[in-house]
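Contents: one structure, followed by commentary.
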Amino acid sequence: LSSSGMVARVLERIPDSTSWFGDDNELIPRDLTTIETEMSAIVSRQPEPEAAADLIRNIRRRETLRVAIGAVLGVSNMAQISKGLSAIMDSYLRVMLEIAKEGADIDFGIIAMGRLGGQELGFGSDADAMLVYLSDGHESQAVAEQVSSRLLSLVKDSIMAFELDLGLRPEGKNGPRVRSMESYRVYFEKWADTWEYQALLRARVISGTEQLRREFTSIADKYRYPSELSTKQLTEIRRIKARVETERLPQGADPARHLKLGKGSISDVEWLVQLFQLRRAHKQQSLQVLGTLEALDELEKSGDVARDDALVLRAAWLLASRCRSALVLAVDKLVDILPADRKQLEAMARILEYAPGSASRLEEDYLSTTRKARVVYEKLFAK
């Protein structure tokens, strides 16, 4: 446990959590209903919005610490960690939205994107989202802007770093933070790029009425599961992937060691799987799933990806994801590059349940696993 700088820091703020050490069941991630019920009860009891928000931040920190300790001590596997962190995030955003609305009568939706949308969160993962509302009059945009501004302020947390990232929204930082459903419909029909359709593959509505959920999902399905992907679109996807590898890697970073964007790492596996989904999911409905490994399982079942190739890709995605989380737990900050520092590598190895003195073995395992995945990626991505 002492290998984790993150656990050590947060444990000081939540000392009562030491009582969990006597029972592994206390370290298993809690489900969404349990967490959200506790958070909602605070809102109903606490009339002061800021005070309620502060208490809800404390619950998020406490539950994240619970998952972190379980991860470090080997109580939870990667799937349990991801589901647990996603449940915390869904609850946190939904309840904070209720506070942000301050009684405003507006049907407001949060669309989880990226790893949050796929319920694949690790420690240090971004909380990507888009915001949407169902319009019922000319003042709706102004109300929605007020709600979104308040939501972004409420969810920030400096103690256990958190910020809602709206960078995947239409027009990115140049576009409005929140749009009406009709505005999304028009944008995706007339102006969206292929990469934006690709981003929708993990879009998941986590708040709003059933009508809002149904309408947004219908829009998303139309573009993320197209009846046909043109040659021009295929070329564009491959071009952007190449740009990501060259332009988004930090200057001087070794591509073999970058856990997210490096060769054979998380990005390679996700882009490959998503390319198959864009091309096949319209006819192959079993591919209409949000998670990377779920989709990869379906591709293996259908024979689109050979069993041996699927095993290699799955191993690389899981190891890169586990290493990324372990590094955040070890050094208490988001770093996406496998360290060369032996002390940091050793801390990661211990968190990943390697035997003492296994820093070099972890490094060799990572480089070997991702090297094999890169070969599979290069073979299939260009097909």
* To do: Would you mind classifying the stretch 111-232 by shape? Square roots of the alpha carbon gyration tensor eigenvalues, ordered a ≥ b ≥ c; an a/c under 1.5 is rounded, otherwise it is prolate if a/b is larger than b/c and oblate if not.
  => oblate
* To do: Kindly write out, for the stretch 304-317 in residue order, the coupling ³J(HN,Hα) from the Karplus curve 6.51 cos²θ - 1.76 cosθ + 1.60 (θ = phi - 60°), rounded to whole Hz, with x marking Gly and Pro.
  => 5, 10, 4, 4, 4, 5, 4, 4, 5, 5, 5, 4, 5, 4
* For the stretch 1-96, what D do you get in µm² per second when you plug the Kirkwood radius from alpha-carbon pairs into Stokes-Einstein at 4 °C and 1.567 mPa s? -> 94
* Asked: Which lysines have a Cα less than 20 Å from the Cα of Lys301, not counting those fewer than 8 places away in the same chain?
  -> Lys283, Lys379, Lys383
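Would you please give the FRET efficiency between Arg9 and Lys343, computed as 1/(1 + (r/R0)^6) with r the Cβ-Cβ distance and R0 = 22 Å, to the nearest 0.05?
On the way: r = 17 Å, r/R0 = 0.79.
In this case the efficiency is close to 0.80.
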* Simple spin-label model, 7 Å along Cα-to-Cβ: Lys190 to Arg243 in nm? -> 2.3
* To do: Between Asn77, Asn25, Asn174, find the one with the highest GNM mean-square fluctuation for the chain; connect C-alpha pairs within less than 10 Å.
  => Asn174
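Just tell me the longest site-free run in the chain, where the sites are GluC sites (Glu not before Pro) in a DSSP loop having at most 14 other beta-carbon atoms within 10 Å. Kindly include the intermediate steps, with their values, before the conclusion.
Numbers: sites that count: Glu102, Glu139, Glu163, Glu171, Glu228, Glu353.
Free of exposed loop sites, the longest segment is 229-352.
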* Asked: Projected onto the charge dipole of the chain (+1 at Lys/Arg Cβ, -1 at Asp/Glu Cβ, origin at the Cα centre), which of Ser140, Ala41, Leu338 gives the Cα projection farthest towards the positive end?
  -> Leu338
* **Pair Gln80, Asp105: separation of 7 Å Cα→Cβ label points (nm)** => 4.7
* Asked: What does the accessible area per residue of the chain come to in Å², with a 1.4 Å probe and no ligands, DNA or RNA counted?
  -> 45
* **Among [x] 42; [y] 36; [z] 54, the entry that matches percent of Cα pairs over 30 Å apart as calculated here** => [x]
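Calculated FRET efficiency, Lys333 and Glu139, Cβ-Cβ r, R0 56 Å, to nearest 0.05? Provide the component values of the computation, followed by the final result.
Numbers: r = 42 Å, r/R0 = 0.76.
Computed FRET efficiency for Lys333 and Glu139 comes out at 0.85.
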* To do: Please list, or write none, the lysines whose alpha carbon is within less than 28 Å of the alpha carbon of Lys333, excluding same-chain residues fewer than 8 places away.
  => Lys83, Lys156, Lys173, Lys241, Lys260, Lys263, Lys343
* To do: Report, in deg cm²/dmol and to the nearest 500, the calculated mean residue ellipticity at 222 nm for the chain, where each DSSP H run with n ≥ 4 adds -39500 (n - 2.57) and the sum is divided by the residue count.
  => -19000 deg cm²/dmol
* Asked: Which whole-angstrom value gives the distance between the alpha carbon centres of the stretch 56-79 and the stretch 275-341?
  -> 22
* Hey, any idea what % of the chain's accessible area is carbon plus sulfur with a 1.4 Å probe? -> 48
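Using 1/(1 + (r/R0)^6) with R0 = 25 angstrom and r between the beta carbons of Ala256 and Ala161, what's the FRET efficiency to the nearest 0.05? Could the numbers behind the result be given before it?
On the way: r = 28 Å, r/R0 = 1.11.
It comes out at approximately 0.35.
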* Asked: What is the spin-label model distance, in nm, from Ser19 to Ser227 if the labels are put 7 Å beyond Cα along the C-beta direction?
  -> 6.1
* Which of the trypsin sites (Lys or Arg not before Pro) found in the stretch 323-360 are loop residues per DSSP with 15 or fewer other Cβ atoms within 10 Å of their Cβ? -> Lys333
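The values are calculated or read from the model by the stated rules, or taken from the named source; none is laboratory data. Since the model is a prediction, treat every value here as computed from it, not as a measurement. We place every Cβ from the backbone using ideal geometry, glycine too, and count neighbours over all the protein chains shown. Ligands, DNA and RNA are stripped out before the accessible areas are found, and what is left, the full protein with its side chains, is counted by its heavy atoms. Shrake-Rupley method; radii C 1.70, N 1.55, O 1.52, S 1.80 Å.
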